[in-house]
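Asker: Provided herewith is a single structure, encoded as structure tokens, for subsequent inquiry.
Rule-based calculations on the coordinates, nothing more; no lab input. Remember, predicted model here, so these are calculated numbers, not experimental data. No Cβ is skipped: glycine too gets one built from the backbone with ideal geometry, and neighbour counts run over all protein chains shown.
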């Protein structure tokens with residue numbers, strides 16, 4: 001395994017060189033959105049300077065060039081997650097739109113009154129609300145896999161929930177709040193063993209930036225993620241779906257590009273993926289996502305994982321030296337996400353927004369505070385606000401030291 005050159009990697013990210021409130025930026029909000037390497041920024045600039053045109057519609061040079069680069073990114077994504085075909089890769093705005101697309105196409109066409117959908121207690125709102133809407137539309141029932149106090153799924157309870165009424169399991173690969181890495185392969189295998197009609201959607205928004213994903217090996221039916229959590233632009237994301245499922249699903253939206261023929265009486269639709277990509281897509285975003293994948297492909301994922309794990313262990317040990325700090329999410333299998341509350345000397349919890357503000361102003365540390373789009377999970381742990389420090393491969397020990405220094409400063413301010 002080659003050495004992980006953190007100094008070189010940090011130099012690839014221009015935003016990390018700036019100062020916040022006169023202090024060097026320490027960016028620990030990567031679970032919300034990751035920063036972009038120079039190669040992605042320059043690729044976007046190049047597109048808008050030299051290639052900007054609509055795709056799939058023109059026969060002039062710029063349109064053909066833009067289309068070629070747009071479709072090349074689709075192939076890069078296919079290879080990145082090991083899909084069988086580029087036709088299984090649909091461009092969307094992000095994870096949220098991908099889940100809604102599946103709910104309103106596959107869900108509305110395949111799920112009926114009395115059917116059941118299973119989610120977990122640790123899901124992001126984007127993997128809860130679309131299924132609640134679908135259940136209201138169809139009369140289906142939503143079932144929830146409980147978790148233990150460490151933030152791990154109770155798999156025996158999951159297996160009890162599975163039955164012949166179960167039509168869909170929608171589950172996060174990694175919890176955005178707890179950092180729990182779920183046993184996705186086992187969850188998928190159990191669902192498929194339950195019934196060939198039980199399909200599985202995996203929310204991979206937090207996973208693709210930290211580990212290799214092979215959708216064929218997982219045998220998931222749908223896999224979704226966002227570009228902005230993968231060092232790519234905002235407003236672009238991916239829905240992977242098995243080819244036979246996509247072919248049977250109705251369109252999500254109607255408009256240009258997704259049709260072969262339109263009359264005033266009826267329209268004929270294109271085959272996937274184009275059937276689901278009505279209108280002008282986020283062309284630059286898709287090309288930027290391809291550039292982000294190019295950047296990641298030249299890194300050693302094993303070395304990257306080791307680096308993140310070492311940072312996570314270092315941060316975990318140091319956080320436990322902060323009096324009154326309580327970690328929420330202590331699963332055995334965890335990504336580099338640290339979620340915590342802090343109490344003052346009287347035992348009163350300091351609000352997460354106050355903690356975040358102090359860290360930002362005093363030491364230039366960016367963390368996320370609040371409920372992290374996981375209100376049911378917050379209720380499960382009886383907290384109204386937490387602080388989340390989430391790491392990426394460009395973070396270093398100095399970043400963790402700044403976080404710890406900031407928390408010690410906080411304790412002095414809230415005696």
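Asker: Please find the FRET efficiency linking residue 39 to residue 155, where r is the Cβ-Cβ separation and R0 is fixed at 51 Å, and quote it to the nearest 0.05.
Answerer: 0.80
Asker: While we're here: By the gyration tensor of its Cα atoms, with a ≥ b ≥ c the square roots of the eigenvalues, what is the shape of segment 271-330: rounded for a/c under 1.5, prolate for a/b over b/c, or oblate? It would help to have the intermediate numbers written out before the result.
Answerer: On the way: a/c = 3.94, a/b = 2.20, b/c = 1.79.
The shape class here is prolate.
Asker: For the chain, take the longest principal axis of its alpha carbons; what is the angle in degrees between that and the long axis of helix 129-138, to the nearest 10 within 0 to 90?
Answerer: Rounded to the nearest ten degrees, it is 40.
Asker: Counting other C-beta atoms within 10 Å, which of 362, 68, 277 has the fewest, and how do the rest follow? It would help to have the intermediate numbers written out before the result.
Answerer: Numbers: 362 18, 68 11, 277 22.
Result, fewest neighbours first: 68, 362, 277.
Asker: I've got another one for you. For 172, 135, which order do you get if you count the other beta carbons within 10 Å of each Cβ and list the fewest first?
Answerer: Working: 172 28, 135 19.
Ranked by crowding around the Cβ, least crowded first: 135, 172.
Asker: Restricting to DSSP H runs of at least four residues, report the calculated mean residue ellipticity at 222 nm for the chain, -39500 (n - 2.57) per run over all residues, nearest 500 deg cm²/dmol.
Answerer: Here the helix-only value at 222 nm equals -11000 deg cm²/dmol.
Asker: Determine, for 349, 43, the number of other Cβ atoms within 10 Å of each Cβ, and report the residues in order from fewest to most.
Answerer: 349, 43
Asker: On to the next question. Using alpha carbons only, how many angstrom separate the centre of segment 341-406 from the centre of segment 223-254?
Answerer: The distance from the Cα centre of segment 341-406 to that of segment 223-254 comes to 31 Å.
Asker: By the gyration tensor of its Cα atoms, with a ≥ b ≥ c the square roots of the eigenvalues, what is the shape of segment 153-299: rounded for a/c under 1.5, prolate for a/b over b/c, or oblate?
Answerer: oblate
Asker: So, one more: Mind running the shape call on the chain? Use the C-alpha gyration tensor, a ≥ b ≥ c as the square roots of the eigenvalues: rounded below 1.5 for a/c, prolate if a/b tops b/c, oblate otherwise.
Answerer: Verdict is oblate for the chain.
Asker: Before anything else, pin down the relative contact order of the chain: Cα pairs under 8 Å, at least 6 apart, normalised by residue count, whole percent.
Answerer: The normalised contact order for the chain reaches 23 percent.
Asker: Oh, and also: So what's the angle, to the nearest 10 degrees on a 0 to 90 scale, between helix 352-363 and the longest Cα principal axis of the chain?
Answerer: 70
Asker: Next question. In segment 84-193, what percentage of the DSSP-assigned beta bridges are antiparallel, given to the nearest 5?
Answerer: That works out to approximately 20 percent antiparallel.
Asker: Just subtract the alpha-carbon distance of residue 271 and residue 50 from 0.36 nm times their residue separation and send over the number in nm, one decimal.
Answerer: Answer, rounded to one decimal: 76.5 nm.
Asker: For the chain, set up a GNM with springs between Cα atoms under 10 Å and report which of 120, 175, 226 has the largest fluctuation.
Answerer: 120
Asker: Considering only DSSP beta bridges with both partners in the chain, what is the antiparallel share in %, to the nearest 5?
Answerer: 60
Asker: Where is the GNM fluctuation largest for the chain (alpha-carbon springs, 10 angstrom cutoff): 196, 130, 272?
Answerer: Ranking 196, 130, 272 by mean-square fluctuation puts 196 first.
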